[in-house]
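Participant: Below: one structure in structure tokens.
The values are calculated or read from the model by the stated rules, or taken from the named source; none is laboratory data. Note that the structure is predicted; figures quoted are calculated from it, not measured. With ideal geometry, Cβ positions are generated from the backbone for all residues, glycine too; neighbour counts draw on all protein chains shown. Keep in mind that these areas ignore ligands, DNA and RNA; they rest on the heavy atoms of the full protein, side chains included. Shrake-Rupley method; radii C 1.70, N 1.55, O 1.52, S 1.80 Å.
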Amino acid sequence: MLEHGVQELARLLATRQLSSVELTEYYLERIERLDERYNCFISLSGEEARAQAAAADARRAAGTVSPLCGIPLAHKDIYCTQGVRTSCASRMLDNFVPPYDATVVAACRQAGAVMLGKTNMDEFAMGSSNENSSYGAVRNPWDLTRVPGGSSGGSAAAVAARLTPLATGTDTGGSLRQPAALCGVTALKPTYGRVSRHGMIAFASSLDQGGPVARDAADAALLLEAMAGFDPRDSTSEDRPVPQYHAALEDSLAGVRIGLPQEYFNERLAPEAADAVHQAAREYERLGARLKEIQLPHTHLAVPVYYILAPAECSANLARYDGVRYGHRCDQPAGMQDLYMRTRSEAFGEEVKRRILVGTYVLSRGYYDAYYVQAQKVRRLIREDFRSAFADVDLILAPCAPGAAFPLGEKAADPISMYYQDEHTLGASLAGLPALAMPGGFADGLPLGVQLIAPDFAEGALLTAAHRFQQATSWHLQRPPETGGEAP
Amino acid sequence: MSISEEEVRAAAFLARLHIDEESVAAVTRTLGDVLAMVARVQEADLPKGTTPLTHPRDARQRLRADEVREEDQRSVLQQGAPQVREGFYLVPRTVE
């Protein structure tokens, strides 16, 4: 069962060799038995899942259904799910049960997907290791002493450990791509505006995007088709049709021009991570693509720009957590200021507080122009870098993370070292461009990812390029030893 | 640029966050390190006329007709509230 991709599962369901109820029970049992070692899930929705599975089987019996009908998936605990706790991995929302579904959740429900539960994450999506969760760290299925990456660590680890065939995640500075790289799965951050943010709890509103996590590009394509689309409830949602990504996966790569950005191969990049990209480049040449070096000259400013803008936006977005209307409220507040101070100080974790403080400072009088406005101007230069590059190439191939998964606790005392985990993913985030991470090799039994970046709304090109790579290679077929796979 | 403890306390107050006195020095050091790192944006050579980028594609805010489209869902929305009475959220006295 664990070998089957979503299309194969859909075929088994269609030919009645399997029911959605059986498939759902299979995954619920695996989670029950195995998740203790990974801590991928914050909440399980077993009863709802069984009901959704039965409804999916009934829909299938009554007529044609979409490819995701009856397929189990997990949602990152940042998406509001009506009637099911949505915590953002924070004490602040430990008691929050949303009265509505996020648009992404509603879309998956409409497609007939079955929600197994809500996955663990870094608190309010702030982190690159999934160690900043008030429900405990997630452990990498490839090595339980190491991090899965973050902030969508629970989703990436759950797919890697075969606790779910599919998961949703979000990516603000790399939070889908970096954990995908560290867990050996495939994930895609769409173009800003491609996927609705309505009901996706906000971290940094000009950067947040939701996307799929899957074992391969073909499965990711199916989930992205369901997730993407115009939503009038999201004022930044782009009104353009969603292509049938799965239909174009077999397109040829002959003549496709792929750029390798020189600046991404810096002294902080582990040699094995660089080798994985170069090996992927050779594979793409064999597939008919033409490779060339490109420049993205402002790459070195991506981390400083992001760690001004994202904290600034988060300080505004998290101001709503005040103990008044929902979420945590401190005991017996003595007055309004006490209500705000104690509610927020008790319920936010250290990294969240740190970013709120940075954000508040860079927006404050006297510093606003030097930090915030300056960062926005440099952000334009970063986007211009990509625009210039895409005049010469169709896709960019780059590292995804500086190396393989690092040990739990290694970067706990060094926030800046943690921030530099994102240095290869931040550029595409700041430029609003679609980017995909996929397995590209191994080092000492740990996955190494590679990243593809495309122009605006070229998610199809990313998925096709990833699919063709995955047809020619087998990195994505490896499973962690604990799921019955063998160490590569 | 480094940050002083006084500035940290001021930012904390603006953000309505409490920092224990014994933690202020350590928080100040860490914030100082982060601010020193992000201050590198000031090294950028900005071409004349570079404007801030607030949306990746410089999109404009989409507007719609000013018509009521939502139903009153107060009772549903207040189900999880810490304290409510007769449709109002209860909070400590706001006027001294």
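Participant: Are any of the residues in region A:334-355 under 31 Å from the mean Cα position of the chain (by Cα), assigned to a helix (DSSP H, G or I) and aliphatic (A, V, I, L, M)?
Facilitator: Looking for residues that are under 31 Å from the mean Cα position of the chain (by Cα), assigned to a helix (DSSP H, G or I) and aliphatic (A, V, I, L, M), one finds at least one in region A:334-355, hence yes.
Participant: Still on this structure, I have one more. Name the residue, out of A:V378, A:V373, that is over 30 Å from A:E293 (Cα atoms) and within 11 Å of another protein chain (Cβ to nearest Cβ). Before the answer, list the steps.
Facilitator: Details: A:V378 fails: over 30 Å from A:E293 (Cα atoms).
Checking each option against the conditions leaves just A:V373.
Participant: So, one more: I'd like the residue in region B:26-83 that is under 30 Å from A:P415 (Cβ atoms) and exposed (fewer than 12 other Cβ atoms within 10 Å of the Cβ) and, out of all such residues, is farthest from the other protein chains (Cβ to nearest Cβ).
Facilitator: At the first step, the residues of region B:26-83 found to be under 30 Å from A:P415 (Cβ atoms) are B:26-46, B:50, B:52-56.
Okay, now just the ones that are also exposed (fewer than 12 other Cβ atoms within 10 Å of the Cβ), so B:26, B:43, B:45.
Numbers: B:A26: 11, B:E43: 8, B:D45: 9 Å.
The qualifying residue farthest from the other protein chains (Cβ to nearest Cβ) is B:A26.
Participant: Within region A:133-153, is there a residue that is outside any loop (DSSP other than H, G, I, E, B), over 16 Å from the mean Cα position of the chain (by Cα) and within 18 Å of A:L224 (Cα to Cα)? Reasoning before the result, please.
Facilitator: Quick first cut of region A:133-153, residues outside any loop (DSSP other than H, G, I, E, B) only: A:140, A:143, A:146, A:153.
So of that shortlist, the ones also over 16 Å from the mean Cα position of the chain (by Cα) come out as A:143, A:146.
Okay, now just the ones that are also within 18 Å of A:L224 (Cα to Cα), so none.
No, region A:133-153 contains no residue that is outside any loop (DSSP other than H, G, I, E, B), over 16 Å from the mean Cα position of the chain (by Cα) and within 18 Å of A:L224 (Cα to Cα).
Participant: May I ask you to verify whether A:D35 is under 28 Å from A:G349 (Cα atoms), under 20 Å from the mean Cα position of the chain (by Cα) and assigned to a helix (DSSP H, G or I)?
Facilitator: Values: under 28 Å from A:G349 (Cα atoms): yes; under 20 Å from the mean Cα position of the chain (by Cα): yes; assigned to a helix (DSSP H, G or I): yes.
Yes: the conditions hold for A:D35.
Participant: Could you run through region B:1-14 and say how many residues are open to solvent by 70 Å² or more (accessible area, probe 1.4 Å) and more than 7 Å from chain A (Cβ to nearest Cβ)? Walk me through how you get there before you give the answer.
Facilitator: So in region B:1-14, the residues open to solvent by 70 Å² or more (accessible area, probe 1.4 Å) come out as B:1-2, B:5-6, B:9, B:13-14.
Pick out the ones that are also more than 7 Å from chain A (Cβ to nearest Cβ) and you get B:1-2, B:5-6, B:9, B:13.
The qualifying residues number 6.
Participant: Here's a follow-up. Hey, B:L17 hits all of (1) part of a helix (DSSP H, G or I); (2) open to solvent by less than 40 Å² (accessible area, probe 1.4 Å) but one; which does it fall short on?
Facilitator: (1)
Participant: Identify all residues within region A:320-342 that are more than 7 Å from chain B (Cβ to nearest Cβ), open to solvent by less than 10 Å² (accessible area, probe 1.4 Å) and without any contact (Cβ under 8 Å) to a residue 60 or more places away in the chain; write none if there are none.
Facilitator: The one that is more than 7 Å from chain B (Cβ to nearest Cβ), open to solvent by less than 10 Å² (accessible area, probe 1.4 Å) and without any contact (Cβ under 8 Å) to a residue 60 or more places away in the chain: A:C330.
Participant: Just give me the residues in region A:356-370 being in a loop (DSSP other than H, G, I, E, B) and facing chain B (nearest Cβ under 8 Å), in sequence order. Spell out how you get there, then give the answer.
Facilitator: Keep residues of region A:356-370 that are in a loop (DSSP other than H, G, I, E, B), which gives A:363-368.
Across region A:356-370, the qualifying residue is only A:S364.
Participant: Still on this structure, I have one more. For region A:41-80, enumerate the residues that are open to solvent by less than 60 Å² (accessible area, probe 1.4 Å), over 16 Å from A:A347 (Cβ atoms) and either of a type in the set (D, E, K, R) or within 14 Å of chain B (Cβ to nearest Cβ) (or both).
Facilitator: Correct list: A:D57, A:R60, A:K76, A:C80.
Participant: Take the conditions of a type in the set (A, V, I, L, M) and in contact with a Gly (Cβ under 9 Å, 6 or more places away or on another chain) and apply them to A:A187. Does it pass? Don't jump to the end; show me each part of the working.
Facilitator: On the way: of a type in the set (A, V, I, L, M): yes; in contact with a Gly (Cβ under 9 Å, 6 or more places away or on another chain): yes.
When the stated conditions are applied, A:A187 passes them.
Participant: Taking only pairs six or more apart or across chains, which ones have beta-carbon atoms under 9 Å, a first residue in region A:47-64 that is closer than 14 Å to A:L13 by Cβ, and a second residue that is modelled with pLDDT of 95 or more and among the charged types (D, E, K, R)?
Facilitator: A:Q52/A:R109; A:A53/A:E22; A:A53/A:E25
Participant: Within region A:304-319, which residues are farther than 16 Å from B:L17 by Cα and facing another protein chain (nearest Cβ under 7 Å)?
Facilitator: If we filter region A:304-319 for residues that are farther than 16 Å from B:L17 by Cα, which is where we start, we get A:304-310, A:313.
Across region A:304-319, the qualifying residues are A:P304, A:V305, A:Y307, A:I308.
Participant: Filter region A:81-100 down to the residues that are away from every other protein chain (no Cβ under 11 Å) and surrounded by fewer than 24 Cβ atoms within 10 Å (Cβ to Cβ) and list them by number. Talk me through it step by step, then tell me what you get.
Facilitator: In the first step, residues of region A:81-100 are kept if they are away from every other protein chain (no Cβ under 11 Å); the result is A:81, A:84, A:87-92, A:94.
The answer is A:V84, A:R91, A:D94.
Participant: Of A:A319, A:A334, A:A281, which residue is on the phi < 0 side of the Ramachandran plot, at pLDDT 95 or above and out of contact with any strand residue (DSSP E or B) (no Cβ under 8 Å at 6 or more places or on another chain)?
Facilitator: A:A319
Participant: Which of the residues spanning region A:196-232 are within 28 Å of A:P447 (Cα to Cα) and within 14 Å of another protein chain (Cβ to nearest Cβ)?
Facilitator: Across region A:196-232, the qualifying residues are A:L207, A:D208, A:Q209.
Participant: In region A:381-393, how many residues are out of contact with any strand residue (DSSP E or B) (no Cβ under 9 Å at 6 or more places or on another chain) and either more than 14 Å from chain B (Cβ to nearest Cβ) or open to solvent by 60 Å² or more (accessible area, probe 1.4 Å) (or both)?
Facilitator: Number satisfying all stated conditions: 3.
Participant: Turning to a different aspect of this structure: Residues that are over 25 Å from A:A137 (Cβ atoms) and open to solvent by 30 Å² or more (accessible area, probe 1.4 Å), at least 1 per element: which helices (runs of 4 or more DSSP H) completely within region A:394-488 meet that?
Facilitator: Those helices (runs of 4 or more DSSP H) span A:459-472.
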